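J.: Pasting in a structure now, in C-alpha cells, and then I'll have a few things to ask.
The values are calculated or read from the model by the stated rules, or taken from the named source; none is laboratory data. Everything numeric here is computed off the predicted structure, so don't read it as measured data. Backbone-built Cβ (ideal geometry, glycine too); neighbour counts: all protein chains shown.
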C-alpha cells in the first residue's frame with residue numbers, strides 16, 4: 001500500500017514554522033546587538049546564533065517550498081521530504097546547542113533574561129517541525145538545561161572516558177565537543193562512516209555518538225560492520241541524528257545501537273543516556289578488575305580476545321600466600337572481627353599483586369593465589385612475582401601497627417612461588433568467571449608455601465624460579481625436598497627478606513657450603529661448617545633445621561643416608 005503523506009508545503013504546521021522562525025531571528029538579532037564585544041567567546045556565540053537563525057529562516061523555503069503537491073507522495077517525494085526534515089532538525093540542533101552554550105557560560109543577567117524569549121521561539125520552531133511528522137513518544141517542546149550550575153572543579157581531561165563523535169556536520173561536531181569536554185571526556189572525531197571503522201580498529205573508545213546520514217558509508221552500514229566484528233558487544237553506540245521516523249530508530253536498535261536520540265540534542269537527556277551506557281560498560285570492567293590490573297581489565301572488557309581466555313599452555317609464575325595462625329586468631333576474635341582483619345590484610349596483599357601486574361586468581365580461606373605470565377605474555381613473570389612477594393613482606397610492619405591491638409598477635413605469612421608450564425584459562429563456570437592456572441606447577445607452588453612452615457621462613461621459591469631471577473635478587477639454596485604427590489625432588493631457595501641483618505651474600509655462601517657437604521655425604525664437615533655459621537647467626541631457622549638433619553644422619557641407628565628431605569606434610 002502506498003504511504004500517504006500530508007502536503008507539508010501549505011500545512012498549518014509550515015505557517016507556524018515560518019512565523020516562529022521570524023520571531024526567532026528578531027530575538028537573536030536583539031541579543032547580538034545588546035552585547036558589545038565581538039571578539040570573546042560570548043560575543044562570537046551570540047553572532048553565530050544570529051547568523052544560524054537567519055540561515056534557518058531562509059532555508060525553510062528550500063526545505064518546504066510553497067508549491068502544490070498531491071496528497072499521495074511518490075517514493076522520490078517522500079525521500080525528499082525525509083531529507084528536508086533531517087536538515088531542518090540539524091539546523092535547529094545548531095541553534096539549540098549554541099544557545100545552551102551561551103546560557104551555561106553565565107552571561108550578563110540582561111542577556112540571560114532575553115535569551116528566554118529565544119528559547120520560547122526555538123521551542124515553537126521545533127514543535128512546528130515535529131507536527132509535520134510526529135513520533136508517538138516525541139515531546140512537543142525542548143527544555144534547555146538550567147542556565148547556571150554550581151561552581152565545581154572541572155573534571156580531569158579524559159577522566160570520564162574516550163568518545164568518538166561521528167558526524168559529517170562540522171557545527172554538530174563542534175557543539176557536541178563543547179558540551180562534552182567540560183564533563184571530562186576525551187574526544188575524537190570522524191566525518192564519515194569509513195573513518196569510524198578505521199578509528200575503531202586503531203583505538204579503544206568507551207562509546208560512540210553516531211550520525212546516520214554521512215557520506216561514503218552511512219550509520220546503518222557502520223552499525224552492521226561493527227556488529228559483525230563483535231565490537232558492539234563492548235563499545236556502546238548511541239545514534240544521534242536528525243532522522244525522526246520510528247522505523248529509523250527500530251532499524252538502529254536492531255543493528256545493535258545502544259540508544260537512539262533525535263536532534264535537536266537535549267543535553268541533559270544525552271548525558272543521562274551516555275552515562276547509563278558507560279555505567280553498564282564499567283560494570284563489565286569490574287568483573288575483570290577482580291582479577292586483573294585495571295588496564296588489562298579495560299582491555300578485556302572492550303576487546304575480549306578469545307585466544308586469551310580459552311584454555312592454553314603457558315609459562316607462568318604462581319604465588320601462594322598463607323596467613324599464619326589464622327585459626328587461633330579467628331577463634332579468639334569471633335566471626336565479625338575476624339572478617340574485618342582478614343579483609344583488611346587480604347585487601348592490602350591483593351592490591352600489591354595487582355600493582356605488580358599479577359592476576360588475582362582466588363582466595364581460599366586465609367590463603368591467596370596469584371599468577372603472572374597470562375593472559376598477556378610477561379617475559380619477566382618470575383621477577384614480578386618475587387617483587388610482589390617482597391612487597392607483601394614489607395607491608396607487614398604497617399599492618400601489624402593497624403591490627404595487632406585487635407588480634408593481640410603479629411600478622412605473619414608464608415609465601416611460596418614456582419615457575420613452570422600450566423594450563424591457563426577461565427577455570428570458573430558459566431555462572432562465575434575465574435581466570436587461573438591448573439597443573440603440577442600450581443600444586444608445587446602450594447607445596448612450597450607449605451614448606452615455609454617446616455623451614456620456619458617467610459618466603460620460598462623453587463629452583464625454576466630462582467634460575468629466572470638470578471642476578472636480580474639475592475638468594476640462597478636451602479635444601480632439596482620431596483613434596484606430597486610430586487615425584488621429582490625440588491630445590492628450595494630463599495629470597496633475601498627485607499630487613500635481613502648482616503652480610504647476606506657472605507652468610508648465604510657459608511650456609512650453602514655446609515649444605516653442599518651434607519648432600520655429598522661429608523656429615524662431619526657439614527656439621528663443622530653449619531655450627532660456625534650458627535655462631536654468626538644463631539637465630540637462623542633454616543640453619544638450625546640443617547643442623548638437626550645432620551645430627552639425625554650421624555646417629556648410629558640412623559637409616560641409610562638420603563640428602564633429600566621428605567617433608568612431613570603439605
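J.: I'd like to verify a number: residues in the stretch 232-258 that are closer than 12 Å to residue 210 by Cβ and surrounded by fewer than 20 Cβ atoms within 10 Å (Cβ to Cβ), how many?
T.: 3
J.: So which residues in the stretch 391-422 are free of Cβ contacts under 8 Å to residues at least 60 places away in the same chain and either outside the structural domain of residue 456 (by TED's automatic domain parsing) or in a strand (DSSP E or B) (or both)?
T.: Of everything in the stretch 391-422, nothing turns out to be free of Cβ contacts under 8 Å to residues at least 60 places away in the same chain and either outside the structural domain of residue 456 (by TED's automatic domain parsing) or in a strand (DSSP E or B) (or both).
J.: For the stretch 158-182, enumerate the residues that are part of a helix (DSSP H, G or I) and either in contact with a helix residue (DSSP H, G or I) (Cβ under 7 Å, 6 or more places away or on another chain) or under 18 Å from residue 203 (Cα atoms) (or both).
T.: Result: 171, 172, 175, 178, 179.
J.: Then there is this: Search the stretch 176-191 for residues that are on the phi > 0 side of the Ramachandran plot and pair each with any residue that is surrounded by 15 or more Cβ atoms within 10 Å (Cβ to Cβ) and at pLDDT below 85 when their beta-carbon atoms are under 6 Å apart and the residues are at least 6 apart or on different chains.
T.: 184/160
J.: For the stretch 343-368, which positions are without any contact (Cβ under 8 Å) to a residue 24 or more places away in the chain and surrounded by 22 or more Cβ atoms within 10 Å (Cβ to Cβ)?
T.: Scanning the stretch 343-368 gives no hits.
J.: Sticking with this structure for a sec: Given the criterion out of contact with any strand residue (DSSP E or B) (no Cβ under 7 Å at 6 or more places or on another chain), modelled with pLDDT of 95 or more and surrounded by fewer than 20 Cβ atoms within 10 Å (Cβ to Cβ), identify the matching residue among 380, 376.
T.: Exactly one residue qualifies, and that residue is 380.
J.: Still on this structure: Can we say residue 68 is modelled with pLDDT under 65, in the same structural domain as residue 95 (by TED's automatic domain parsing) and under 48 Å from the mean Cα position of the chain (by Cα)?
T.: So residue 68 does not fit the description; no.
J.: Being in the same structural domain as residue 393 (by TED's automatic domain parsing) and assigned to a helix (DSSP H, G or I) narrows it down to one of 514, 466, so name that one.
T.: Matching residue, one of 514, 466: 466.
J.: Further question on the same structure: Restricting to the stretch 219-232, name every residue that is free of Cβ contacts under 8 Å to residues at least 24 places away in the same chain and touching a helix residue (DSSP H, G or I) at 6+ places or on another chain (Cβ under 9 Å).
T.: 229, the sole residue that qualifies.
J.: Looking at the stretch 195-205 only, could you name the residues that are touching a residue at least 12 places away in the same chain (Cβ under 8 Å) and surrounded by fewer than 24 Cβ atoms within 10 Å (Cβ to Cβ)?
T.: Within the stretch 195-205, 195, 197, 199, 200, 203, 204, 205 meet the criteria.
J.: Identify, by number, the condition in (1) more than 23 Å from residue 95 (Cβ to Cβ); (2) outside any helix (DSSP H, G or I); (3) modelled with pLDDT of 85 or more that residue 194 doesn't meet.
T.: (2)
J.: Among the residues of the stretch 45-65, which ones are within 43 Å of the chain's Cα centre (by Cα) and not in a helix (DSSP H, G or I)?
T.: Result: no residue meets the conditions.
J.: Assuming residue 237 fulfils every condition listed in (1) modelled with pLDDT of 85 or more; (2) more than 20 Å from residue 199 (Cα to Cα) apart from one, which condition is it?
T.: Against the list (1) modelled with pLDDT of 85 or more; (2) more than 20 Å from residue 199 (Cα to Cα), residue 237 comes up short only on (2).
J.: Has the stretch 537-553 got at least one residue that is in a strand (DSSP E or B) and buried (at least 16 other Cβ atoms within 10 Å of the Cβ)?
T.: no
J.: Still on this structure: Please go through the stretch 520-536 and pick out each residue that is surrounded by fewer than 15 Cβ atoms within 10 Å (Cβ to Cβ) and assigned to a helix (DSSP H, G or I).
T.: 524, 528, 531, 532, 535, 536
J.: A further question follows. With respect to residue 216, determine if the residue is over 18 Å from the mean Cα position of the chain (by Cα), surrounded by fewer than 17 Cβ atoms within 10 Å (Cβ to Cβ) and either in contact (Cβ under 8 Å) with a residue 60 or more places away in the chain or in a loop (DSSP other than H, G, I, E, B) (or both).
T.: Taking the combined requirement at face value, the residue satisfies it.
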